[in-house]
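See below for the structure under consideration.
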Ligand code: NAD
């Protein structure tokens, strides 16, 4: 069988969706193109005085909306094809959740574990300089965010470097996922995982859809097995268990930990942060067979590490009815098709992990408007609630206690507003995708429906916005 690259696989998903659409071929070809990419090689000085050449890429898949948006990852196995594929997924993802960005993605080909903090900082600052020089970063041009192997720390270095180069009043909007003290937004760190949890909770309410697969509705007590206990994996597990699901197995580089009664996610995270491994955690059994996660019996399998984890060689081992793609591209094209034919539901990455970019959008708006969400209305809302409760007491003698008021009234602080915007986005987009499947008598999978939804929206921006001559 011919090897199909990651970018070609994304293309195939688009072609599969286009079969069900009446779309102009030229526009479809434009939608599929990767518009621009830079390949960078730059030197950094290591702590021991040696000079090392660092390789990096930034792809801008589409410019139908500005700026381009997408994470920057640090991974030793990155290459140009992967970056293009991930940038393409960002174009479709942003369209699905109605976030007005084009798709972008970046990668630095390093294993961050092999570099000191100061070496990493030199890499990030030089990368930002290179991107700035080539006009590949800026609040209206291209806005990176955290991804695999990067976090708010690297985003703060990007923002600081961009600001010192550009002196732009809006420089904070040149990157998202920053620490709150550096112009970040409350709720961004957990956004992708929380989005996964909102999406799954809503998905398990889709009774008609689930009936087709003979799956009982409701997230409560559903068993979850999860690959990758990083940012996305940890927060997905944390919120899913808060919402009543049971996370029964988690795998990481060193192996897999399981407990049929459900793992205590916060305790496990603390344990791994302190010890550096899942091994030895007392409330679960450990095996060094990390890939055992793929054959683990569970209701939902969540790959939250990297792409191409479920493929034609291990797809037949899968013992779940639902795969929730928290990572980007964790199931290969061929495996995806086979699993659909064999009644395994895949909740696709282009929708499921869009919580990160949704909250990045909120952060970008916050940076451009230079005001924290909720600042203007916070006290005003509190006063209104007080007025209503006073009136109730005056007219009917009903006096609400402070606890009762707090139970029904949620403060309009930034985090609550961000979570509420994220929840609404994940729910609304899921309904659009599920309804599309229903309208096609369930003959297409959720991924094809998600791509149709995205392509329709991007097509409209070309048709109504026009194409430059
Ligand atoms: P991360 O670096 O925080 O965590 C990834 C974890 O996966 C790490 O702990 C790593 O040790 C583990 N891992 C790697 N290979 C593994 C393997 N073979 N078995 C078990 N564990 C393994 O990265 P992240 O930000 O959580 O990103 C994970 C995925 O989610 C990526 O595909 C990324 O593109 C995608 N994603 C991330 C975000 C975000 O906001 N961070 C948003 C959308 C999509």
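The values are calculated or read from the model by the stated rules, or taken from the named source; none is laboratory data. The model shown is predicted, which means the values in this text are computed figures rather than measured ones. We place every Cβ from the backbone using ideal geometry, glycine too, and count neighbours over all the protein chains shown.
Quick notes
- Single match in 202, 130 (criterion: over 21 Å from the mean Cα position of the chain (by Cα), assigned to a helix (DSSP H, G or I), away from the ligand (no atom under 16 Å from the Cβ) and touching a residue at least 40 places away in the same chain (Cβ under 8 Å)): 130
- Of all the listed residues (223, 192), the sole one being more than 21 Å from residue 297 (Cα to Cα) and either within 16 Å of the ligand (Cβ to nearest atom) or in contact (Cβ under 8 Å) with a residue 24 or more places away in the chain (or both) is 192.
- Restricting the search to helices (runs of 4 or more DSSP H) fully inside segment 319-429 and requiring at least 1 residues that are in contact with a helix residue (DSSP H, G or I) (Cβ under 7 Å, 6 or more places away or on another chain) and without any contact (Cβ under 8 Å) to a residue 40 or more places away in the chain gives 333-341, 378-396, 402-408.
- Residue, farthest from residue 232 (Cα to Cα), within segment 338-359, restricted to residues that are within 16 Å of the ligand (Cβ to nearest atom) and in contact with a strand residue (DSSP E or B) (Cβ under 8 Å, 6 or more places away or on another chain): 346
- Restricted to segment 57-71, and to residues there that are modelled with pLDDT of 95 or more and in contact with a helix residue (DSSP H, G or I) (Cβ under 7 Å, 6 or more places away or on another chain), the residue that is surrounded by the fewest Cβ atoms within 10 Å (Cβ to Cβ) is 57.
- Flag for residue 456 being under 32 Å from the mean Cα position of the chain (by Cα), touching a residue at least 60 places away in the same chain (Cβ under 8 Å) and surrounded by fewer than 21 Cβ atoms within 10 Å (Cβ to Cβ): yes
- Members of segment 161-189 found to be under 16 Å from residue 130 (Cβ atoms) and away from the ligand (no atom under 16 Å from the Cβ), listed by number: 161, 162, 164, 165, 166, 174
- Of the residues making up segment 95-110, one or more are under 14 Å from the mean Cα position of the chain (by Cα), in a loop (DSSP other than H, G, I, E, B), modelled with pLDDT of 95 or more and within 13 Å of the ligand (Cβ to nearest atom).
- Qualifying residues in segment 305-337 (those that are within 22 Å of residue 218 (Cα to Cα) and within 19 Å of the chain's Cα centre (by Cα)) - the one farthest from the ligand (Cβ to nearest atom): 322
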